1. Pairs please, first residue from the range 254-270 and over 21 Å from V205 (Cβ atoms), second anywhere and part of a helix (DSSP H, G or I), Cβ atoms under 7 Å, 6+ apart in sequence or on different chains.
2. Given (1) outside the structural domain of V77 (by TED's automatic domain parsing); (2) modelled with pLDDT of 95 or more, where does A160 come up short, assuming only one miss?
3. Could you please give the count of residues in the range 213-246 that are assigned to a helix (DSSP H, G or I) and either among the polar types (S, T, N, Q) or free of Cβ contacts under 8 Å to residues at least 24 places away in the same chain (or both)?
4. Out of all the residues in the range 189-208, which are within 18 Å of E222 (Cβ to Cβ) and either at pLDDT below 95 or within 24 Å of the chain's Cα centre (by Cα) (or both)?
5. Tell me, yes or no, whether the range 167-181 has at least one residue that is surrounded by fewer than 18 Cβ atoms within 10 Å (Cβ to Cβ) and among the small types (G, A, S).
6. Looking only at the range 184-219, which residues are crowded, with 18+ Cβ neighbours inside 10 Å, out of contact with any Gly (no Cβ under 9 Å at 6 or more places or on another chain) and farther than 20 Å from K268 by Cβ?
Amino acid sequence: MTFQSAVRRVGVVVAIAALAASAGCAKKEDGETQASGVKLVQKGKLTVCTHLPYAPFQSKDASGKVVGFDVDVMDLVAKDLGVEQTIVDTPFEGIKSGQDLNTGKCDAAAAGMTITEERQKVMNFSDPYFDATQAMLVKTGKPYKSLDDLRGKKVGVQAATTGRDYAKKLADEKGLQLVEFEDLAAEQQALANGQVEAAINDLPVWTEYIKEHQGGFEVTAEFDTGEQYGFSVKKDGNPELLKKINDVLAKAKQDGTYDTIYEKWIGKKPNA
């Protein structure tokens, strides 16, 4: 080997090493890529944004562990990816606006979130995984059977939710005084202490609340809004993860795992 060829070979090795280092940096900036080709913001973890509490979809149990319908489904996705799910509790406004996904706070959002045209503009949704409806909760024995009975009364709603949007559309017509709360727990507490006469939110969360407060509250009206929940990922930012979520959902529905999760958290099997 001549001196010149040796120099050239060393130069090639250095160049290759530099390219490898550069590629490594780019990979780190873009997120860790799993063997399946799915990019994640943390190596070995599926980071999921949610807003607590929103039982039975996500809430903390007595030990402080986050559990729920959404948690179980996203655990299936994490298992399929060969990673663990880690949950980030964040304000719902940041979830529904797409900000948390855009800034890399999380890979996906699972927050009992209704698929809407407005939200689809800022994030990509999975196939629907839950059919939802709105409902009105009151203290047991109160004479409120419909929104018409609440004219001039205070009605609690949760900020940034479709329940709030539904009530807002009817507020003038029905003469409702809407009181907005940052989260579900605050809305529930306001109803319990008499700050509002009724509260509107998704039916499953009221069903769960009634189970925890036997005899104290009842759902007196349901509103079929045709809503469906979906998991979301960054807008046009992670099609591989979106496909993975949809594939896992389809498989879970086919093999019965979805039905088991549904019955565990909702108390009955899903409608056929």
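The values are calculated or read from the model by the stated rules, or taken from the named source; none is laboratory data. Since the structure is predicted, the reported quantities are computational estimates derived from the model, not experimental observations. Cβ coordinates were reconstructed from backbone atoms using ideal geometry, including for glycine residues, and neighbour counts include every protein chain displayed.
1. T257/L76
2. It fails just one condition, (2).
3. Summing the residues that are assigned to a helix (DSSP H, G or I) and either among the polar types (S, T, N, Q) or free of Cβ contacts under 8 Å to residues at least 24 places away in the same chain (or both) in the range 213-246 gives 2.
4. Answer for the range 189-208, where residues must be within 18 Å of E222 (Cβ to Cβ) and either at pLDDT below 95 or within 24 Å of the chain's Cα centre (by Cα) (or both): A199, I200, N201, D202, L203, P204, V205, W206, T207, E208.
5. Yes, the range 167-181 contains at least one residue that is surrounded by fewer than 18 Cβ atoms within 10 Å (Cβ to Cβ) and among the small types (G, A, S).
6. L184
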